[in-house]
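The values are calculated or read from the model by the stated rules, or taken from the named source; none is laboratory data. In this text the structure is predicted, and so the values were computed from the model without any measurement. Please note: Cβ atoms are built from the backbone with ideal geometry, for glycine as well, and neighbour counts cover all protein chains shown.
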Amino acid sequence: MAEELRKPIIVKKIKKSGGGHHGGAWKIAYADFVTAMMAFFLLMWLLGSTSKAQKEGIAEYFKTPLKVALMGGDSVGASDTLIKGGGGKDFTKKQGQVKPVDGPPGKQKNVDIKDAKAALEKAEAEKLELLKEKLEKTIEESPTLSKFKKQLLIDITTEGLRIQIVDEQNRPMFESAKAEMQPYARQILKEIGQMLNGVTNKISLSGHTDAAPYSSGEKGYSNWELSSDRANASRRELIAGGMDEAKLLRVVGLSSVSLFDKDDPLNPINRRISIIVMNKQAEMDAMKDDGEATLASDADSETVDNVLNKNN
């Protein structure tokens, strides 16, 4: 009994190793690696789908985030801030959406297409006004044209600059009821052809007669054919004077439907040739395929000189 009590107590401890390829530590490391790779590819995708302007905005934000957040500023919470509550400018507005103007920062002006179109129309009107003054001066100084300046009427209409060569009682441009042009009328048209060749605008040409009817009436050769023949005779003289034929956009005969003197349909002044240096809108209307172009300026002799303002 005593001998049994004297035997030493032996305690066995078994250590279980977590290493080796049967352990689980490598799985944690692999999961961390996969997470890092996923974050990396997500970052690459975000960078690839972000525009240059947005990148610049983000970089601007991270330059002084605390200063802007703590002290405030013009761009805190503003509509032009790329990141709400942060700093920096909205670089996405470099695409022509706004136009910077002179004055305090932050004030911007939207580009108005209507204003731009109005500015172009105003510039074109000023150009035609200068051309009108130049033509009037040339007529005064020309030995050929100065003698006939009473028969040369120049004004500005809704279609452009209009030059009208009208008949006088004792000085008709054409022989009666014919399209044969008098020598002095040929000289006038050749001089005008030289002057018009220096402008880039297209030219519209129309012939007009008085209201005296032919004995055969409208069924045979009438004022319609006569006005067309006279318009084409004038076209040939303009080209003979040096004007490029490609500048002519329209040549028409209007008979007596657009009288210069509506109170006296037989007045010789109604027999005339009308040359229009067309503005851009009139050119576009004349080139439409649907035939909507009209001779508004010939139907309405009222000029718009009094509404043209010079802003030199």
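Summary table
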{"quantity": "Scan of the stretch 199-237 for residues that are in contact (Cβ under 8 Å) with a residue 40 or more places away in the chain and among the charged types (D, E, K, R), ordered by number", "calculated": "LYS202, ASP210, ASP229, ARG230, GLU237"}
{"quantity": "Residue that is surrounded by the fewest Cβ atoms within 10 Å (Cβ to Cβ), among those in the stretch 154-176 that are of a type in the set (A, V, I, L, M, F, W, C) and farther than 25 Å from ALA123 by Cβ", "calculated": "ILE165"}
{"quantity": "Filtered residues of the stretch 250-270 (kept if surrounded by fewer than 18 Cβ atoms within 10 Å (Cβ to Cβ) and either small (Gly, Ala, Ser) or under 20 Å from PRO172 (Cβ atoms) (or both))", "calculated": "ASP261, ASP264, PRO265, LEU266, ASN267"}
{"quantity": "Pair list, Cβ under 7 Å, 6 or more apart: the stretch 170-190 residue touching a residue at least 12 places away in the same chain (Cβ under 8 Å), other residue among the small types (Gly, Ala, Ser)", "calculated": "MET173/ALA185; ALA179/ALA233; MET181/ALA233; LEU189/SER234; LEU189/GLY241; LYS190/ALA240; LYS190/GLY241"}
{"quantity": "Criterion violated by LEU189 - all others in (1) in contact with a Ser or Thr (Cβ under 7 Å, 6 or more places away or on another chain); (2) at pLDDT 90 or above; (3) over 15 Å from SER234 (Cα atoms) satisfied", "calculated": "(3)"}
{"quantity": "Single unsatisfied condition, TYR184 versus (1) surrounded by fewer than 21 Cβ atoms within 10 Å (Cβ to Cβ); (2) in contact with a strand residue (DSSP E or B) (Cβ under 7 Å, 6 or more places away or on another chain); (3) over 29 Å from ALA123 (Cβ atoms)", "calculated": "(2)"}
{"quantity": "Extreme residue, nearest to GLU191 (Cα to Cα), among residues of the stretch 96-141 that are at pLDDT below 85 and among the polar types (S, T, N, Q)", "calculated": "ASN110"}
{"quantity": "Residues of the stretch 128-165 satisfying the condition of being out of contact with any helix residue (DSSP H, G or I) (no Cβ under 7 Å at 6 or more places or on another chain) and either outside any helix (DSSP H, G or I) or at positive phi (or both)", "calculated": "PRO143, LEU153, GLN164"}
{"quantity": "Output for the stretch 229-249, where each listed residue is in contact with a helix residue (DSSP H, G or I) (Cβ under 9 Å, 6 or more places away or on another chain) and either of a type in the set (S, T, N, Q) or surrounded by 22 or more Cβ atoms within 10 Å (Cβ to Cβ) (or both)", "calculated": "SER234, LEU238, MET243"}
{"quantity": "Residue count for the stretch 166-189, restricted to those that are assigned to a helix (DSSP H, G or I) and of a type in the set (S, T, N, Q)", "calculated": "1"}
